[in-house]
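Report on the following structure.
The values are calculated or read from the model by the stated rules, or taken from the named source; none is laboratory data. Keep in mind the model is a prediction, meaning the values are calculated, not measured. Cβ: placed from backbone, ideal geometry, glycine included. Neighbour counts: every protein chain shown.
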Number of protein chains: 4
Amino acid sequence: MARAKDENKRSIILHSAKMLFAQNGFFNTSISDIVKETNLPVGSIYTYFTNKEEIVRVIVEEGWNELRARLFDTMGSKESGEVKLKKLIDNFIPEILNDLDLINILLSEAIKYTKIEEKVEELSTAIFGLVQSVAKDKKILEGFDKSSMEAALIVYFLGIFNAVKLVRSSSVGIKVQDILKFVKITVEKSLGITL
Amino acid sequence: MARAKDENKRSIILHSAKMLFAQNGFFNTSISDIVKETNLPVGSIYTYFTNKEEIVRVIVEEGWNELRARLFDTMGSKESGEVKLKKLIDNFIPEILNDLDLINILLSEAIKYTKIEEKVEELSTAIFGLVQSVAKDKKILEGFDKSSMEAALIVYFLGIFNAVKLVRSSSVGIKVQDILKFVKITVEKSLGITL
Amino acid sequence: MARAKDENKRSIILHSAKMLFAQNGFFNTSISDIVKETNLPVGSIYTYFTNKEEIVRVIVEEGWNELRARLFDTMGSKESGEVKLKKLIDNFIPEILNDLDLINILLSEAIKYTKIEEKVEELSTAIFGLVQSVAKDKKILEGFDKSSMEAALIVYFLGIFNAVKLVRSSSVGIKVQDILKFVKITVEKSLGITL
Amino acid sequence: MARAKDENKRSIILHSAKMLFAQNGFFNTSISDIVKETNLPVGSIYTYFTNKEEIVRVIVEEGWNELRARLFDTMGSKESGEVKLKKLIDNFIPEILNDLDLINILLSEAIKYTKIEEKVEELSTAIFGLVQSVAKDKKILEGFDKSSMEAALIVYFLGIFNAVKLVRSSSVGIKVQDILKFVKITVEKSLGITL
DNA sequence: AATGAATGAGTCTTCATTCAT
DNA sequence: TATGAATGAAGACTCATTCAT
């Protein structure tokens, strides 16, 4: 049972830190802030994590893994490519966007603390496959090799995430809905399909 | 009349700070780092800027103004919309991407230190106009209102900048060229034109 | 349970700071001076006090409380008014004057860091009562209402303290003894009694 | 004419500094504050005074001299002692109290920056003479030698000044009038006269 | 003489991490 | 293992004074 208690503390730290890092940034969050938020003694923080940096690293890593799992769950189903794509756009992306804290940290700290290239590679391979299987008129993807595809995915994902982040933290004149709508239209037009 | 404020010193500080902020981030750059880099005494930093924050703010603001000026220079010419668009894609964007330091800072600090919404608004209005004037088949823009356009621009610009940043700071499998190529193809397909 | 806060350290800091503040003033005493005097690391100063100002505030407050306690100890006894007055003049005041450090700080910083009016009010009420009970010939206090009494006490106390301070820090031609003697004579004459 | 201009600047500095020192204290007033207040360039401050300390010193010295002059003006007249004493209490002291700025500085900085003992000596000699000439019943001054007198004067003057200072800067329950009234009554009773 | 930019030692305070208990 | 006091290098910034112009 001691084990259960430990896991609990660990996750409390992770949870609070995630919120604080997302809200105030990594550098504007002190270990002491985490201590206050968790009501745990400082020493305990260092029982579960070797240092401040490791806390972000774990947040990013675990957050990513959960995301990845959810994605491959969707992608791995027996359904048609179009259905998968629809789920991707209508469910998966909006779900991700709910975890704004994670996105914030991912975007500002991930590069520093993770091997991001592996993540991108994995993601783009999976989606490239899906897109190819879906494109009605194969000519549409003409000139779109793996590199272009990867570029496209990176641009879109980073674009979407950052746009949502911007929309939520400034008073820019658009809404998250506009972004999602734009994405859907773009995918439909690009692939010549209707979702 | 004593010594006049030395515009040269001011620009040395700005230059060094820009590099350091871009390289190590705002919080990992200390005033003392700037002092070492510039070989100026601490006090001098503070004769030209009231505090550390003002240094980023000025970098962002002046950088943005220069960018904006170059953009409107291109946009304001008497040439056809297509030529302008071509210049935008072939010259302007690549030029921007050269100033990676500025992009880095813009992306990580701009929201905090500037009224970013005004900038976005200005930019998207200008480009919306251009795109409308260029789109061969007006049906192509069907369903694309101002909000969608703004969303698209934000997603693309943030996407491009962040993608370039990622490409340059990690060992992701694509090159800046791939990104630029993707952008060009996308614009051409979207508007049904060839640049 | 880790280390407990060391009451001893706290008091060393208070002691050293009191001496330094009294000797050189609040502004001419740096935290670094206190560090040197106490041989404690800087950080420790801040484990016991939130900032420099709090150190003075505590010195003033604790010093005052001790003083007050001693005063009411004397005043609260079952002895006659005259005996109490005698003790006040012969013991209490001279004792206070020994803690020159405290007086110095009290006089120069107290107004800023304490609600001095409450202290004055409390003191003057107590002494007014004593004086009334002692005055042989009630006519002597004629025309002496509460306000006059308060004025008198403030003038005398501030006068005595500052005079002692002056005597000790300059080479003025009188001694503390002269001041004490003057006070005694004045009280005796005013109240028509012999102590 | 250059001379006139100079004197003017000097006195502007002195005037502003006096106000600022009195209001915020010596250490909370920076040379830069004086610069802002006077609208003079920093360099000019140092043309007229060798350093910050000298500014207070001059304020104290000149303020004192003016005071002294006014006092001896009153004291040196051909009038009776009683009239002089009355003027002292009814005019001179209230007048002094108007220059609260000076009092503030005098009390907090004078000891450090002036040979205060000479001033006290001079003052007490003069007033001792006056008091002796006035005391109706010589027995009243019995036991009051020069030292006692000096002690009394120091206590009263410091008491009065500090009390006024206290009254004006805190919300203590008495008014300056109460202090002046107390002084008058005390003098009358002590000397057995009516002013 | 007048000016105000230049200077850098010194200020207070923070904070990630350690380690005695 | 749990705790939280201890630590001190490092942080941003100030300011009296000087001196080039």
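Looking across B:Asn65, B:Asn8, B:Asn39, one residue alone is at pLDDT 90 or above, more than 17 Å from the chain's Cα centre (by Cα) and on the phi < 0 side of the Ramachandran plot. It is B:Asn8. Only one entry in A:Ile193, A:Ile160 is facing another protein chain (nearest Cβ under 8 Å) and β-branched (Val, Ile, Thr), namely A:Ile160. Consider D:Thr114 carefully, then state whether it is under 24 Å from C:Asn162 (Cβ atoms), more than 15 Å from the chain's Cα centre (by Cα) and at pLDDT below 90. For D:Thr114, the condition - under 24 Å from C:Asn162 (Cβ atoms), more than 15 Å from the chain's Cα centre (by Cα) and at pLDDT below 90 - is not met.
The single condition among (1) at pLDDT 85 or above; (2) out of contact with any Leu (no Cβ under 8 Å at 6 or more places or on another chain) that C:Lys119 does not satisfy is (1).
In segment A:28-46, the residue that is nearest to A:Leu106 (Cα to Cα) out of those that are among the charged types (D, E, K, R) and more than 8 Å from DNA strand E (Cβ to nearest atom) is A:Glu37.
Note on segment C:168-180: residues that are part of a helix (DSSP H, G or I) and facing chain D (nearest Cβ under 8 Å) total 3. For segment C:3-29, name all the residues that are within 15 Å of DNA strand F (Cβ to nearest atom), more than 13 Å from every other protein chain (Cβ to nearest Cβ) and not polar (S, T, N, Q). Across segment C:3-29, the qualifying residues are C:Ala4, C:Lys5, C:Asp6, C:Glu7, C:Lys9, C:Arg10, C:Ile12, C:Ile13, C:Leu14. Here are the criteria: (1) over 30 Å from D:Ser133 (Cβ atoms); (2) within 14 Å of another protein chain (Cβ to nearest Cβ); (3) more than 16 Å from DNA strand E (Cβ to nearest atom). Tell me which single one D:Ile93 does not satisfy. Unmet condition: (1).
C:Val42 fulfils the conditions (1) within 14 Å of chain D (Cβ to nearest Cβ); (2) within 16 Å of DNA strand F (Cβ to nearest atom) except for a single criterion, (1).
Within this structure, B:Glu79 fails the test of being assigned by TED's automatic domain parsing to the domain that holds B:Lys184, closer than 28 Å to B:Ala163 by Cβ, away from DNA strand F (no atom under 12 Å from the Cβ) and of a type outside the set (S, T, N, Q). The residue pairs whose first member lies in segment B:112-129 and is assigned by TED's automatic domain parsing to the domain that holds B:Lys87 and over 18 Å from B:Val187 (Cβ atoms), whose second member is modelled with pLDDT of 80 or more and part of a helix (DSSP H, G or I), and whose beta carbons are closer than 6 Å, counting only pairs six or more residues apart or on different chains, are B:Tyr113/B:Val56; B:Tyr113/B:Arg57; B:Tyr113/B:Val60; B:Thr114/B:Val60. For segment D:1-27, a residue qualifies if it is within 12 Å of DNA strand E (Cβ to nearest atom) and hydrophobic (A, V, I, L, M, F, W, C), and the qualifying residues are D:Met1, D:Ala2, D:Ala4, D:Ile12, D:Ile13, D:Phe27.
For segment D:149-163, does any single residue satisfy the condition of being assigned to a helix (DSSP H, G or I) and at pLDDT below 85? Within segment D:149-163, one or more residues are assigned to a helix (DSSP H, G or I) and at pLDDT below 85. Quick check: is even one residue across segment A:137-147 within 30 Å of B:Leu106 (Cα to Cα) and in a helix (DSSP H, G or I)? Yes, because at least one residue in segment A:137-147 is within 30 Å of B:Leu106 (Cα to Cα) and in a helix (DSSP H, G or I).
Against the condition within 16 Å of DNA strand F (Cβ to nearest atom), within 15 Å of the chain's Cα centre (by Cα) and within 12 Å of another protein chain (Cβ to nearest Cβ), how does B:Ser108 come out, does it pass? Against the criterion (within 16 Å of DNA strand F (Cβ to nearest atom), within 15 Å of the chain's Cα centre (by Cα) and within 12 Å of another protein chain (Cβ to nearest Cβ)), B:Ser108 qualifies. Would a scan of segment A:68-87 turn up a residue that is under 19 Å from the mean Cα position of the chain (by Cα) and within 12 Å of DNA strand E (Cβ to nearest atom)? No - not one qualifying residue is present in segment A:68-87. In this structure, does D:Ser32 turn out to be surrounded by 14 or more Cβ atoms within 10 Å (Cβ to Cβ), within 14 Å of another protein chain (Cβ to nearest Cβ) and more than 18 Å from D:Tyr113 (Cβ to Cβ)? In short, no.
Within segment B:186-195, the set of residues being at pLDDT below 85 and surrounded by 18 or more Cβ atoms within 10 Å (Cβ to Cβ) comprises B:Leu191 only. A single member of B:Lys87, B:Lys165, B:Lys146 is more than 26 Å from A:Phe157 (Cβ to Cβ) and more than 7 Å from chain A (Cβ to nearest Cβ), and it is B:Lys87. Taking residues in segment D:36-57 that are within 19 Å of D:Ala22 (Cα to Cα), and partners anywhere that are within 7 Å of DNA strand F (Cβ to nearest atom) and not aromatic (Phe, Trp, Tyr), the pairs with Cβ atoms closer than 7 Å and at least 6 places apart or on different chains are D:Ile45/D:Ile31; D:Lys52/D:Ile31. Within segment A:52-67, being of a type outside the set (D, E, K, R), within 16 Å of DNA strand E (Cβ to nearest atom) and more than 14 Å from every other protein chain (Cβ to nearest Cβ) holds for A:Ile55, A:Val58, A:Ile59. Taking the stated definitions as given, is B:Phe49 under 21 Å from B:Leu106 (Cβ atoms), within 12 Å of DNA strand E (Cβ to nearest atom) and within 14 Å of chain A (Cβ to nearest Cβ)? Criteria not met by B:Phe49.
If you check D:Val131, D:Val155, D:Val183, D:Val120, which single one turns out to be more than 11 Å from chain C (Cβ to nearest Cβ), in contact with a Phe, Trp or Tyr (Cβ under 9 Å, 6 or more places away or on another chain) and surrounded by 14 or more Cβ atoms within 10 Å (Cβ to Cβ)? Among D:Val131, D:Val155, D:Val183, D:Val120, only D:Val131 is more than 11 Å from chain C (Cβ to nearest Cβ), in contact with a Phe, Trp or Tyr (Cβ under 9 Å, 6 or more places away or on another chain) and surrounded by 14 or more Cβ atoms within 10 Å (Cβ to Cβ). Looking at segment C:124-135, is at least one residue closer than 30 Å to C:Glu53 by Cβ and touching a Leu at 6+ places or on another chain (Cβ under 9 Å)? Within segment C:124-135, one or more residues are closer than 30 Å to C:Glu53 by Cβ and touching a Leu at 6+ places or on another chain (Cβ under 9 Å).
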